[in-house]
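Reading through the structure tokens given below for one structure.
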Amino acid sequence: QVQLVESGGGLVQAGGSLKLSCAVSGRTFNTHAMGWFRQVPEKEREFVAAIDWSGGVTHYADSVKGRFTISRDSAKNTVYLQMNSLKPEDTAVYYCAADSSYAAPVTFDEYDWWGLGTQVTVSS
């Protein structure tokens with residue numbers, strides 16, 4: 001079993017930055033691909049970014065490419081999402097997810113474990 005705990009969400013003005021963290025425990029962190037998704041009420045969970053087990057492969061949604069960066073720190077069993085140039089449309093609950101494969105999936109149904117989410121609100 002894998003436990004994921006997100007932190008770092010909050011309220012920020014448009015153009016600002018936030019860094020989300022996801023602490024992973026319960027299994028060998030280095031064997032899991034990790035992803036970030038987001039969701040707003042009455043909409044499906046949306047892919048944001050993913051990183052493979054080694055950290056050498058990353059994928060981003062077109063809407064965040066060039067603004068968000070996903071990274072992982074194996075020593076800390078933590079994955080991060082650095083979010084810059086935030087826009088009001090980035091407002092959502094952000095979820096961290098872990099996959100038992102080595103690759104970096106971009107669809108939510110490929111992930112095996114999920115955190116409870118952290119709220120990000122961007123004011124205009």
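Here region 68-113 is the region considered, the condition is being open to solvent by 70 Å² or more (accessible area, probe 1.4 Å) and touching a Phe, Trp or Tyr at 6+ places or on another chain (Cβ under 6 Å), and the residue that is farthest from Trp36 (Cα to Cα) is Tyr102.
Residues in region 31-55 that are closer than 17 Å to Ser100 by Cα and over 9 Å from the mean Cα position of the chain (by Cα): Thr31, His32, Ala33, Ile51, Asp52, Trp53, Ser54, Gly55.
For region 19-37, give me the residue count where each residue is surrounded by fewer than 21 Cβ atoms within 10 Å (Cβ to Cβ) and in contact (Cβ under 8 Å) with a residue 12 or more places away in the chain. Steps first, please.
Of all residues in region 19-37, those surrounded by fewer than 21 Cβ atoms within 10 Å (Cβ to Cβ) come to 19, 21, 23, 25-28, 30-31.
Right, trim to in contact (Cβ under 8 Å) with a residue 12 or more places away in the chain and you get 19, 21, 23, 25-27, 30-31.
Number of matching residues: 8.
When residues in region 11-30 are screened for being outside any strand (DSSP E or B) and closer than 18 Å to Ala103 by Cα, 4 of them pass.
If I filter region 1-18 down to residues being among the small types (Gly, Ala, Ser), within 17 Å of the chain's Cα centre (by Cα) and open to solvent by less than 50 Å² (accessible area, probe 1.4 Å), which single residue comes out as farthest from Thr91 (Cα to Cα)? Please lay out each step first, then the result.
Initially, region 1-18 is screened for residues among the small types (Gly, Ala, Ser), giving 7-10, 14-17.
Now narrow it down to the ones that are within 17 Å of the chain's Cα centre (by Cα): 7-10, 17.
Now drop any that are not open to solvent by less than 50 Å² (accessible area, probe 1.4 Å), which leaves 8-10.
Working: Gly8: 14, Gly9: 10, Gly10: 10 Å.
The residue in question is Gly8.
The values are calculated or read from the model by the stated rules, or taken from the named source; none is laboratory data. Keep in mind it's a predicted model, so treat the numbers as computed, not measured. Every residue, glycine among them, receives a Cβ derived from its backbone with ideal geometry; neighbour counts consider all protein chains shown. Areas reflect the complete protein model, heavy atoms only, side chains present, ligands, DNA and RNA absent. Shrake-Rupley method; radii C 1.70, N 1.55, O 1.52, S 1.80 Å.
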